[in-house]
Amino acid sequence: MIENNIISDHFTVEELKKLKITPPDAKMYKKIRSNWDSVAKPLDGMGDFELLTAKIGAVLGDENIDISKKAVIIMCADNGVVAEGISQSGQEVTLAVAKSMARKASSVGRMAMTAGADTIPVDIGINSDESVEGLLQRKVRMGTRNFAKEPAMTRAETLEAIAAGIEIVRGCKADGCRIIATGEMGIGNTTTSAAMAAAMLRCDVATVTGRGAGLNDSGLEKKIRVIESAIEKYDLYNKDTFEILMTVGGLDIAGLVGVCIGGALYHIPVVLDGVISMVSALAAGRLISGVTDFIIPSHEGREPAVALLCEALSVRPVIRASLALGEGTGAVMMFALLDMALSVYKGRTTFDDISVSQYERYV
(Lines give C-alpha, C1' and ligand atoms only; values in the text may rest on other atoms or scores of the structure.)
Protein backbone atom coordinates (compact mmCIF):
# COMPACT_ATOMS: atom_id res chain seq x y z
CA MET A 1 0.00 0.00 0.00
CA ILE A 2 1.10 3.60 -0.65
CA GLU A 3 -0.41 6.38 1.46
CA ASN A 4 0.79 10.00 1.44
CA ASN A 5 3.75 8.90 -0.69
CA ILE A 6 4.88 6.48 2.06
CA ILE A 7 5.57 2.90 1.00
CA SER A 8 4.22 0.24 3.35
CA ASP A 9 3.75 -3.49 2.97
CA HIS A 10 2.76 -4.68 -0.51
CA PHE A 11 1.78 -2.29 -3.26
CA THR A 12 0.88 -2.53 -6.92
CA VAL A 13 2.35 -1.15 -10.13
CA GLU A 14 -0.78 0.96 -10.51
CA GLU A 15 -0.26 2.47 -7.04
CA LEU A 16 3.39 3.12 -7.85
CA LYS A 17 2.49 5.02 -11.01
CA LYS A 18 0.07 7.21 -9.07
CA LEU A 19 2.78 8.63 -6.81
CA LYS A 20 2.75 12.43 -6.94
CA ILE A 21 5.99 14.36 -7.29
CA THR A 22 6.17 17.96 -6.09
CA PRO A 23 8.47 19.70 -8.60
CA PRO A 24 11.63 21.57 -7.60
CA ASP A 25 11.19 25.23 -6.64
CA ALA A 26 11.36 27.21 -9.91
CA LYS A 27 11.62 30.55 -8.08
CA MET A 28 14.55 29.25 -6.06
CA TYR A 29 16.24 28.15 -9.28
CA LYS A 30 15.99 31.69 -10.68
CA LYS A 31 17.18 33.19 -7.39
CA ILE A 32 20.31 31.05 -7.39
CA ARG A 33 21.03 31.91 -11.03
CA SER A 34 20.75 35.58 -10.06
CA ASN A 35 23.09 35.01 -7.10
CA TRP A 36 25.65 33.51 -9.46
CA ASP A 37 25.48 36.64 -11.64
CA SER A 38 26.46 38.76 -8.63
CA VAL A 39 29.66 36.74 -8.05
CA ALA A 40 32.80 38.49 -9.33
CA LYS A 41 33.35 36.50 -12.52
CA PRO A 42 32.20 36.58 -16.14
CA LEU A 43 28.52 35.78 -16.60
CA ASP A 44 28.06 32.00 -16.77
CA GLY A 45 31.78 31.68 -16.08
CA MET A 46 31.24 28.48 -14.06
CA GLY A 47 29.40 26.99 -17.02
CA ASP A 48 27.27 23.94 -16.36
CA PHE A 49 28.02 24.12 -12.64
CA GLU A 50 25.90 27.24 -12.34
CA LEU A 51 22.94 25.35 -13.81
CA LEU A 52 23.56 22.20 -11.79
CA THR A 53 23.94 23.98 -8.46
CA ALA A 54 20.82 26.02 -9.17
CA LYS A 55 18.98 22.75 -9.85
CA ILE A 56 20.27 21.29 -6.57
CA GLY A 57 19.17 24.39 -4.66
CA ALA A 58 15.74 24.22 -6.30
CA VAL A 59 15.38 20.58 -5.25
CA LEU A 60 16.45 21.38 -1.68
CA GLY A 61 14.47 24.63 -1.60
CA ASP A 62 17.49 26.49 -0.23
CA GLU A 63 19.59 29.18 -1.88
CA ASN A 64 22.44 28.43 0.53
CA ILE A 65 22.81 24.94 -1.01
CA ASP A 66 24.18 22.86 1.83
CA ILE A 67 25.32 19.45 0.52
CA SER A 68 27.79 18.79 3.31
CA LYS A 69 26.12 15.49 4.27
CA LYS A 70 26.41 13.10 1.33
CA ALA A 71 25.92 9.40 0.70
CA VAL A 72 26.43 6.93 -2.12
CA ILE A 73 23.94 4.05 -2.29
CA ILE A 74 25.49 1.00 -3.96
CA MET A 75 23.05 -1.71 -5.04
CA CYS A 76 24.75 -5.13 -5.24
CA ALA A 77 23.08 -8.01 -7.06
CA ASP A 78 23.75 -10.94 -9.36
CA ASN A 79 22.23 -11.59 -12.76
CA GLY A 80 21.17 -15.01 -13.98
CA VAL A 81 21.99 -14.17 -17.60
CA VAL A 82 25.67 -14.66 -16.69
CA ALA A 83 24.97 -18.36 -17.38
CA GLU A 84 24.92 -17.45 -21.09
CA GLY A 85 28.64 -16.59 -21.04
CA ILE A 86 28.20 -12.85 -21.55
CA SER A 87 30.84 -11.83 -19.00
CA GLN A 88 34.52 -12.54 -18.36
CA SER A 89 33.82 -13.00 -14.64
CA GLY A 90 31.65 -15.33 -12.61
CA GLN A 91 29.10 -14.34 -9.99
CA GLU A 92 31.57 -14.91 -7.17
CA VAL A 93 33.11 -11.56 -8.06
CA THR A 94 29.96 -9.69 -7.02
CA LEU A 95 30.22 -11.02 -3.47
CA ALA A 96 33.98 -10.42 -3.31
CA VAL A 97 33.65 -6.77 -4.35
CA ALA A 98 30.65 -6.26 -2.06
CA LYS A 99 32.75 -7.49 0.87
CA SER A 100 35.43 -4.97 -0.09
CA MET A 101 32.78 -2.26 -0.18
CA ALA A 102 31.59 -3.25 3.27
CA ARG A 103 35.15 -2.67 4.54
CA LYS A 104 35.31 0.65 2.65
CA ALA A 105 38.33 -0.78 0.83
CA SER A 106 36.91 -0.77 -2.71
CA SER A 107 37.46 2.06 -5.18
CA VAL A 108 34.21 3.83 -4.32
CA GLY A 109 34.88 3.49 -0.59
CA ARG A 110 38.25 5.21 -0.84
CA MET A 111 36.89 7.94 -3.13
CA ALA A 112 33.87 8.51 -0.87
CA MET A 113 36.11 9.02 2.15
CA THR A 114 38.04 11.65 0.19
CA ALA A 115 34.80 13.36 -0.83
CA GLY A 116 33.38 13.24 2.71
CA ALA A 117 30.53 10.93 1.72
CA ASP A 118 29.05 7.93 3.51
CA THR A 119 28.90 4.63 1.64
CA ILE A 120 25.80 2.46 1.86
CA PRO A 121 26.47 -0.87 0.12
CA VAL A 122 23.25 -2.86 -0.17
CA ASP A 123 22.78 -6.59 -0.70
CA ILE A 124 19.62 -6.46 -2.77
CA GLY A 125 20.28 -9.69 -4.64
CA ILE A 126 23.75 -11.22 -4.27
CA ASN A 127 23.75 -14.92 -5.14
CA SER A 128 24.96 -16.00 -1.71
CA ASP A 129 23.39 -16.68 1.65
CA GLU A 130 26.48 -15.39 3.45
CA SER A 131 25.80 -12.56 5.87
CA VAL A 132 28.40 -9.82 5.43
CA GLU A 133 28.95 -7.25 8.16
CA GLY A 134 28.70 -3.75 6.73
CA LEU A 135 26.29 -4.68 3.93
CA LEU A 136 22.76 -3.35 4.35
CA GLN A 137 20.51 -6.40 3.96
CA ARG A 138 17.64 -5.86 1.53
CA LYS A 139 17.94 -9.12 -0.39
CA VAL A 140 14.94 -9.85 -2.59
CA ARG A 141 16.32 -13.15 -3.89
CA MET A 142 19.72 -14.69 -4.57
CA GLY A 143 20.23 -13.23 -8.04
CA THR A 144 17.76 -12.91 -10.88
CA ARG A 145 16.71 -15.68 -13.22
CA ASN A 146 18.40 -16.10 -16.61
CA PHE A 147 16.35 -13.85 -18.88
CA ALA A 148 17.43 -15.88 -21.90
CA LYS A 149 15.21 -18.66 -20.50
CA GLU A 150 12.54 -16.83 -18.46
CA PRO A 151 11.79 -13.34 -17.12
CA ALA A 152 14.45 -12.13 -14.70
CA MET A 153 12.03 -11.19 -11.93
CA THR A 154 8.42 -11.55 -10.93
CA ARG A 155 6.21 -8.51 -10.57
CA ALA A 156 6.35 -8.80 -6.78
CA GLU A 157 10.17 -9.08 -6.73
CA THR A 158 10.55 -6.04 -8.96
CA LEU A 159 8.26 -3.98 -6.74
CA GLU A 160 10.08 -5.16 -3.62
CA ALA A 161 13.42 -4.01 -5.04
CA ILE A 162 11.97 -0.62 -6.04
CA ALA A 163 10.47 -0.23 -2.56
CA ALA A 164 13.86 -1.00 -1.00
CA GLY A 165 15.48 1.83 -2.95
CA ILE A 166 12.76 4.28 -1.97
CA GLU A 167 12.98 3.32 1.69
CA ILE A 168 16.77 3.66 1.79
CA VAL A 169 16.45 7.21 0.46
CA ARG A 170 13.79 7.97 3.06
CA GLY A 171 16.22 6.79 5.73
CA CYS A 172 18.97 8.99 4.28
CA LYS A 173 16.60 11.97 4.39
CA ALA A 174 15.79 11.25 8.04
CA ASP A 175 19.53 11.17 8.79
CA GLY A 176 19.96 14.64 7.32
CA CYS A 177 21.49 13.64 4.00
CA ARG A 178 21.37 16.44 1.40
CA ILE A 179 22.56 14.69 -1.75
CA ILE A 180 22.86 11.07 -2.90
CA ALA A 181 24.97 9.29 -5.49
CA THR A 182 23.95 6.07 -7.20
CA GLY A 183 26.24 3.06 -7.42
CA GLU A 184 25.97 -0.62 -8.27
CA MET A 185 27.89 -3.86 -8.37
CA GLY A 186 26.79 -6.96 -10.23
CA ILE A 187 28.50 -9.16 -12.79
CA GLY A 188 26.43 -9.10 -15.97
CA ASN A 189 24.75 -5.77 -15.39
CA THR A 190 26.02 -4.14 -18.57
CA THR A 191 24.00 -6.86 -20.31
CA THR A 192 20.83 -6.15 -18.35
CA SER A 193 21.28 -2.40 -18.79
CA ALA A 194 21.92 -2.73 -22.53
CA ALA A 195 18.83 -4.92 -22.91
CA MET A 196 16.74 -2.35 -21.04
CA ALA A 197 18.21 0.56 -23.00
CA ALA A 198 17.52 -1.11 -26.36
CA ALA A 199 13.96 -1.98 -25.37
CA MET A 200 13.08 1.40 -23.81
CA LEU A 201 14.71 3.41 -26.61
CA ARG A 202 13.46 0.99 -29.28
CA CYS A 203 16.84 0.98 -30.95
CA ASP A 204 19.19 -1.56 -32.49
CA VAL A 205 20.83 -3.72 -29.80
CA ALA A 206 24.35 -3.35 -31.22
CA THR A 207 24.03 0.44 -30.91
CA VAL A 208 23.77 0.29 -27.11
CA THR A 209 25.78 -2.81 -26.22
CA GLY A 210 29.40 -2.52 -25.16
CA ARG A 211 32.21 -4.74 -23.94
CA GLY A 212 31.44 -4.30 -20.24
CA ALA A 213 34.44 -5.32 -18.17
CA GLY A 214 36.41 -6.36 -21.25
CA LEU A 215 34.77 -8.80 -23.66
CA ASN A 216 36.60 -9.75 -26.83
CA ASP A 217 34.92 -9.54 -30.24
CA SER A 218 33.30 -12.96 -30.06
CA GLY A 219 32.10 -12.30 -26.51
CA LEU A 220 30.55 -9.01 -27.59
CA GLU A 221 28.80 -10.69 -30.52
CA LYS A 222 27.37 -13.33 -28.17
CA LYS A 223 26.19 -10.66 -25.75
CA ILE A 224 24.38 -8.86 -28.56
CA ARG A 225 22.76 -12.10 -29.78
CA VAL A 226 21.53 -12.96 -26.28
CA ILE A 227 19.91 -9.52 -25.90
CA GLU A 228 18.41 -9.58 -29.40
CA SER A 229 16.91 -13.00 -28.76
CA ALA A 230 15.36 -11.84 -25.48
CA ILE A 231 13.84 -8.73 -27.05
CA GLU A 232 12.27 -10.89 -29.76
CA LYS A 233 11.22 -13.65 -27.33
CA TYR A 234 9.34 -11.26 -25.04
CA ASP A 235 8.35 -8.69 -27.72
CA LEU A 236 9.99 -5.99 -25.61
CA TYR A 237 9.85 -3.25 -28.23
CA ASN A 238 6.10 -3.30 -27.63
CA LYS A 239 6.10 -3.60 -23.83
CA ASP A 240 5.87 -0.89 -21.17
CA THR A 241 8.71 0.16 -18.91
CA PHE A 242 7.76 -1.99 -15.93
CA GLU A 243 7.48 -5.10 -18.10
CA ILE A 244 10.92 -4.39 -19.59
CA LEU A 245 12.45 -3.92 -16.13
CA MET A 246 10.85 -7.08 -14.80
CA THR A 247 11.82 -9.17 -17.84
CA VAL A 248 15.44 -8.24 -18.59
CA GLY A 249 16.45 -5.91 -15.77
CA GLY A 250 18.30 -6.67 -12.57
CA LEU A 251 17.63 -6.26 -8.88
CA ASP A 252 20.37 -3.62 -8.75
CA ILE A 253 18.65 -1.64 -11.51
CA ALA A 254 15.23 -2.01 -9.87
CA GLY A 255 16.74 -0.85 -6.57
CA LEU A 256 18.22 2.21 -8.28
CA VAL A 257 14.86 2.93 -9.92
CA GLY A 258 13.61 3.16 -6.34
CA VAL A 259 16.50 5.45 -5.36
CA CYS A 260 15.62 7.84 -8.20
CA ILE A 261 11.95 7.79 -7.23
CA GLY A 262 12.90 8.30 -3.58
CA GLY A 263 15.03 11.32 -4.47
CA ALA A 264 12.01 12.90 -6.16
CA LEU A 265 9.59 12.00 -3.36
CA TYR A 266 11.82 13.32 -0.57
CA HIS A 267 13.50 16.14 -2.50
CA ILE A 268 17.06 14.92 -2.39
CA PRO A 269 19.16 15.43 -5.55
CA VAL A 270 20.36 12.14 -7.02
CA VAL A 271 23.73 12.14 -8.80
CA LEU A 272 23.82 9.50 -11.52
CA ASP A 273 26.88 7.41 -12.20
CA GLY A 274 27.24 5.65 -15.57
CA VAL A 275 25.10 3.61 -17.91
CA ILE A 276 23.37 1.45 -15.29
CA SER A 277 22.33 4.49 -13.24
CA MET A 278 21.15 6.23 -16.38
CA VAL A 279 19.01 3.26 -17.43
CA SER A 280 17.54 3.21 -13.92
CA ALA A 281 16.78 6.94 -14.04
CA LEU A 282 15.11 6.66 -17.45
CA ALA A 283 12.97 3.77 -16.22
CA ALA A 284 12.03 5.69 -13.06
CA GLY A 285 11.11 8.77 -15.09
CA ARG A 286 8.92 6.76 -17.42
CA LEU A 287 7.16 5.08 -14.53
CA ILE A 288 6.50 8.34 -12.66
CA SER A 289 6.37 11.76 -14.29
CA GLY A 290 8.69 14.37 -12.80
CA VAL A 291 11.35 12.06 -11.37
CA THR A 292 14.07 13.16 -13.78
CA ASP A 293 13.78 16.76 -12.56
CA PHE A 294 15.74 15.59 -9.50
CA ILE A 295 18.70 13.91 -11.20
CA ILE A 296 22.20 15.33 -11.64
CA PRO A 297 24.53 13.84 -14.29
CA SER A 298 28.18 13.13 -13.52
CA HIS A 299 30.20 11.47 -16.29
CA GLU A 300 30.08 10.12 -19.81
CA GLY A 301 30.91 6.47 -19.37
CA ARG A 302 32.51 4.21 -21.94
CA GLU A 303 29.41 2.17 -22.75
CA PRO A 304 27.83 3.09 -26.11
CA ALA A 305 24.33 3.51 -24.67
CA VAL A 306 25.34 6.61 -22.72
CA ALA A 307 24.91 9.15 -25.52
CA LEU A 308 21.37 8.01 -26.31
CA LEU A 309 20.45 7.82 -22.63
CA CYS A 310 21.73 11.35 -22.02
CA GLU A 311 19.58 12.56 -24.90
CA ALA A 312 16.52 10.74 -23.54
CA LEU A 313 17.14 12.14 -20.04
CA SER A 314 18.00 15.65 -21.32
CA VAL A 315 21.23 15.72 -19.30
CA ARG A 316 24.79 16.72 -20.14
CA PRO A 317 27.51 15.07 -18.02
CA VAL A 318 30.45 17.32 -17.18
CA ILE A 319 33.11 14.63 -16.66
CA ARG A 320 34.50 13.18 -19.87
CA ALA A 321 37.21 10.77 -18.86
CA SER A 322 36.21 7.40 -20.37
CA LEU A 323 35.39 6.07 -16.92
CA ALA A 324 34.17 2.46 -16.77
CA LEU A 325 34.74 1.43 -13.16
CA GLY A 326 31.17 1.54 -11.88
CA GLU A 327 30.38 1.25 -8.17
CA GLY A 328 29.29 4.92 -8.20
CA THR A 329 32.87 6.19 -8.58
CA GLY A 330 32.03 8.79 -11.24
CA ALA A 331 29.11 10.10 -9.21
CA VAL A 332 31.29 10.41 -6.10
CA MET A 333 33.91 12.24 -8.18
CA MET A 334 31.13 14.69 -9.04
CA PHE A 335 30.63 15.40 -5.33
CA ALA A 336 34.09 16.92 -5.16
CA LEU A 337 33.49 19.06 -8.24
CA LEU A 338 30.19 20.33 -6.85
CA ASP A 339 31.87 21.22 -3.55
CA MET A 340 34.51 23.24 -5.39
CA ALA A 341 31.88 25.05 -7.46
CA LEU A 342 29.86 25.81 -4.34
CA SER A 343 32.93 27.25 -2.61
CA VAL A 344 32.86 29.98 -5.27
CA TYR A 345 29.10 30.46 -4.93
CA LYS A 346 29.08 30.55 -1.13
CA GLY A 347 32.20 32.69 -0.90
CA ARG A 348 30.19 35.26 -2.82
CA THR A 349 33.05 37.61 -3.66
CA THR A 350 31.10 40.44 -5.28
CA PHE A 351 32.09 42.99 -7.90
CA ASP A 352 31.94 45.67 -5.19
CA ASP A 353 34.49 43.67 -3.18
CA ILE A 354 37.03 44.00 -5.99
CA SER A 355 35.93 47.49 -7.10
CA VAL A 356 34.82 46.36 -10.57
CA SER A 357 31.52 47.07 -12.31
CA GLN A 358 29.16 44.10 -12.51
CA TYR A 359 28.56 42.49 -15.89
CA GLU A 360 25.10 43.05 -17.35
CA ARG A 361 23.13 40.19 -18.85
CA TYR A 362 21.83 41.06 -22.32
CA VAL A 363 20.72 37.59 -23.44
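The values are calculated or read from the model by the stated rules, or taken from the named source; none is laboratory data. Given the structure is predicted, the values throughout are model-derived calculations rather than measurements. Don't worry about glycine lacking a Cβ; one is built from the backbone with ideal geometry, like all the others, and counts go over all protein chains shown. Side chains are part of the model used for accessible areas, which takes the heavy atoms of the whole protein and leaves out ligands, DNA and RNA. Shrake-Rupley method; radii C 1.70, N 1.55, O 1.52, S 1.80 Å.
Once the Cβ-Cβ distance between Arg110 and Leu51 is put in as r, and R0 is 35 Å, what FRET efficiency do you end up with, to the nearest 0.05?
Working from the Cβ atoms, E equals 0.75.
Jot down the per residue volume, in cubic angstrom and as a whole number, of the convex hull over the alpha-carbon atoms of region 231-363. Spell out each step's value before the answer.
Values: hull volume 20.2 nm³, N = 133.
Output value, Cα hull per residue: 152 Å³.
Local charge sum around Asp339 (other residues, Cβ-Cβ under 13 Å, Lys/Arg +1, Asp/Glu -1)? Kindly include the intermediate steps, with their values, before the conclusion.
Working: positive: Lys69, Lys70, Arg178, Lys346; negative: Asp66.
Result for the local shell: +3.
Mean Kyte-Doolittle of at least -0.5 and a Cα length of 20 Å or more along the axis: which whole DSSP H helices of the chain meet both?
Passing helices, by number: 155-174, 251-265, 329-347.
When the Cα atoms of the chain are enclosed in a convex hull and the volume is divided per residue, what value in Å³ results?
For the chain, the hull spanned by Cα atoms encloses 130 Å³ per residue.
Check the chain for me: any Cys whose beta-carbon has no other cysteine beta-carbon within less than 4.7 Å?
Cys76, Cys203, Cys260, Cys310
Looking at region 307-363, I'd like the Rg to Rh ratio, where Rg is from alpha-carbon atoms and Rh is Kirkwood's inverse mean 1/r. Numbers along the way, then the final one.
Details: Rg = 17.1 Å, Rh = 14.8 Å.
Ratio of gyration radius to Kirkwood radius: 1.15.
Counting only other residues whose beta carbon sits under 11 Å from that of Glu50, what net charge do I get with K and R as +1, D and E as -1? Don't jump to the answer; show the numbers that get you there.
Numbers: positive: Arg33, Lys41, Lys55; negative: Asp37, Asp44, Asp48.
Taking every other residue near Glu50 into account, the sum is 0.
How big is Rg to Rh over region 73-142, alpha-carbon atoms, Rh as the Kirkwood inverse-mean-distance radius?
With Rg and the Kirkwood Rh in hand, the quotient comes to 1.00.
For region 47-121, which whole percent of the accessible surface, found with a 1.4 angstrom probe, sits on carbon and sulfur atoms?
After summing per-atom areas, the C and S share lands at 50 percent.
Mind pulling up the Rg/Rh value for region 187-276? Radius of gyration and Kirkwood radius, both on Cα.
That ratio equals 1.01.
Would you work out what percent of the accessible area of region 171-255, with all protein chains in place, is carbon or sulfur (probe 1.4 Å)?
The nonpolar share, carbon plus sulfur, comes to 46 percent.
Would you mind working out the accessible area per residue for the chain, using a 1.4 Å probe, and quoting it in Å²? Numbers along the way, then the final one.
Numbers: 14960 Å² over 363 residues.
With the other protein chains kept in place, the chain gives 41 Å² per residue.
Along each principal axis of its Cα atoms, how long is region 143-191 end to end? Whole angstroms, biggest number first, please.
44, 23, 11
For a label point 7 Å from the Cα of Thr22 along Cα→C-beta, name the residues of region 60-86 whose backbone N is under 19 Å from it.
Only 60-66 pass the distance filter.
What is the P(r) of region 162-319, as percent of Cα-Cα pairs per 5 Å bin from 0?
Result returned by the calculation: 2, 10, 20, 22, 20, 14, 7, 3, 1, 0.
Taking the Cβ-Cβ separation of Asp175 and Met142 as r and a Förster radius of 35 Å, what is the calculated FRET efficiency to the nearest 0.05?
0.75
Taking every pair of alpha-carbon atoms in region 1-136, what share in percent sits in each 5 Å bin, from 0 to the bin with the longest distance?
Result, from short to long distances: 2, 8, 12, 10, 12, 13, 15, 13, 8, 5, 2, 0 percent.
Quick one: if you stick a label point 7 Å off each Cα along the C-beta vector at Ser314 and Ser89, how many nm between them?
3.6
Starting from the Cα gyration tensor of region 147-238, multiply each eigenvalue by 5, take the square root, and state the resulting semi-axes largest first in whole Å.
30, 17, 12
How much FRET efficiency would the formula 1/(1 + (r/R0)^6) give for Lys31 and Asp118, where r is the Cβ-Cβ distance and R0 is 41 Å, rounded to 0.05?
On the way: r = 29 Å, r/R0 = 0.72.
Calculated value: 0.90.
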